[in-house]
């Protein structure tokens with residue numbers, strides 16, 4: 001029998017940066033009733049609250065849900081009594097979080113910017129909808 005079911009978020013449980021559909025939220029809720037479920041994604045913790053937790057039924061067994069933002073560089077588990085639903089970040093306990101130092105972040109960002117400019121993949125002068133290079137604590141993300 002399974003002890004844990006693990007999913008990637010974007011492109012698996014939901015379209016990229018979109019909330020779970022009602023159908024998917026219901027299916028995840030059914031899984032949470034019987035199994036531990038872990039969801040991993042490159043996004044920040046706040047994205048999990050928007051895309052996953054806020055879409056689940058208020059009676060979902062969040063004690064069985066494990067959130068792994070920033071590609072697994074952090075792990076959160078639900079730690080609240082049943083009086084508070086899980087969309088509030090304060091009801092999630094951070095088990096661990098690996099963070100890059102400022103020096104490492106700067107080195108990575110400089111290398112990413114240089115490589116993107118040299119290859120012509122990204123023109124940083126073009127309009128963008130959000131940050132092109134985003135520091136998420138445990139990772140530096142480049143978005144075209």
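No lab work stands behind these numbers, since they all come straight from the coordinates. Here the structure is a predicted model, which means the values were calculated and not measured. As a convention, Cβ positions derive from the backbone with ideal geometry for all residues, glycine included, and neighbour counts pool all protein chains shown.
Simple spin-label model, 7 Å along Cα-to-Cβ: residue 35 to residue 77 in nm?
1.8 nm
List the equivalent ellipsoid semi-axes of segment 37-144 in whole Å, largest first, each obtained as the square root of 5λ for an eigenvalue λ of the Cα gyration tensor.
One finds semi-axes of 33, 15, 10 Å for segment 37-144.
Beta carbons within 10 angstrom, averaged per residue: use that to sort the peptides 86-97, 58-69, highest first. Could the numbers behind the result be given before it?
Details: 86-97: 14.3, 58-69: 19.2.
Output ranking for 86-97, 58-69: 58-69, 86-97.
Hey, with R₀ at 30 Å, roughly what FRET efficiency would residue 123 and residue 24 work out to, going by the Cβ-Cβ distance, to 0.05?
Between residue 123 and residue 24 the formula returns 0.25.
Does segment 4-97 classify as rounded, prolate or oblate by the C-alpha gyration tensor (a ≥ b ≥ c root eigenvalues; a/c under 1.5 gives rounded; else a/b over b/c gives prolate, otherwise oblate)?
Since a/c stays below 1.5, the shape of segment 4-97 is classed as rounded.
In what sequence, highest mean first, do 41-53, 107-119, 131-143 appear when ranked by Cβ atoms within 10 angstrom?
41-53, 131-143, 107-119
So for the chain: antiparallel DSSP bridges make up what percent, rounded to the nearest 5?
50 percent
Expressed in nm to one decimal, what extension gain is obtained for the pair residue 98 and residue 1 from 0.36 nm per residue of sequence separation less their Cα-Cα distance?
Here the segment from residue 98 to residue 1 would lengthen by 31.8 nm.
Find how much the distance from residue 89 to residue 50 grows on full extension, using 0.36 nm per residue of separation minus their present alpha carbon separation; answer in nm with one decimal.
13.0 nm
If I take all pairs of Cα atoms in segment 94-144, what percentage of them are more than 12 Å from each other?
66 percent
Output the Cα-based Rg and Dmax of segment 51-105 in Å, rounding Rg to one decimal and Dmax to a whole number.
In order Rg, Dmax, the Cα atoms of segment 51-105 give 13.1, 44 Å.
Any idea what angle helix 102-119 forms with the longest principal axis of the chain, computed on alpha-carbon atoms, 0 to 90 degrees, nearest 10?
60 degrees
For the chain, what does the helix formula give at 222 nm: sum of -39500 (n - 2.57) over DSSP H segments with n ≥ 4, over the residue count, nearest 500 deg cm²/dmol?
-8500 deg cm²/dmol
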